[in-house]
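The values are calculated or read from the model by the stated rules, or taken from the named source; none is laboratory data. Bear in mind the structure is a predicted one, so any value in this text is a computation, not a measurement. Quick reminder, even Gly has a Cβ in these numbers, built from the backbone with ideal geometry, and neighbours come from all protein chains shown. SASA here: full protein model, heavy atoms, side chains in, ligands and nucleic acids out. Shrake-Rupley method; radii C 1.70, N 1.55, O 1.52, S 1.80 Å.
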Amino acid sequence: QVQLVQSGGGLVRTGGFLRLSCAASESILRFTQMRWYRQVPGSSRKLVASITAGSSTDYTDSVKGRFTISRDNAKNTVYLQMNSLIPEDTAVYYCNAFKARPAWGESANYWGQGTQVTVSS
């Protein structure tokens, strides 16, 4: 069973920055993509950023130019650097490991425990 352990997050003022980390219990190269989602109360989780095994990245429009997703394969860790934070970024952030072709009996998705990010105005 893959485990994803998140760290980082917290309370920051508008314009501030935070870095989230997601450490996997096995090689992240086994996953098609590593992703960060966020969720606010009453809404579904929304994809924020993704990075492939080849380090191609993609972002939702609202965070482009402010957030950066990166990976350290040697440490089996994915990061989300969040700059120029605004109150609308307030949410619980979840790390996700996705396999496009999971083996039989294996899950396609694994999730971190979630971490709260709160941006005050």
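A few comments on the model shown:
- Test result for Leu29, over 22 Å from Gln116 (Cβ atoms) and either not small (Gly, Ala, Ser) or not in a helix (DSSP H, G or I) (or both): yes
- Qualifying residue in region 13-35 (condition: open to solvent by 50 Å² or more (accessible area, probe 1.4 Å), in contact (Cβ under 8 Å) with a residue 60 or more places away in the chain, aromatic (Phe, Trp, Tyr) and touching a strand residue (DSSP E or B) at 6+ places or on another chain (Cβ under 8 Å)): yes
- Restricting region 1-12 to residues that are in a strand (DSSP E or B) and of a type in the set (Val, Ile, Thr), the residue that is least open to solvent (accessible area, probe 1.4 Å): Val12
- Scanning region 52-101 for residues that are in a loop (DSSP other than H, G, I, E, B), farther than 18 Å from Val2 by Cβ and open to solvent by 30 Å² or more (accessible area, probe 1.4 Å) gives Gly54, Ser55, Ser56, Thr60, Lys64, Gly65, Arg66, Asn83, Ser84, Ile86, Thr90.
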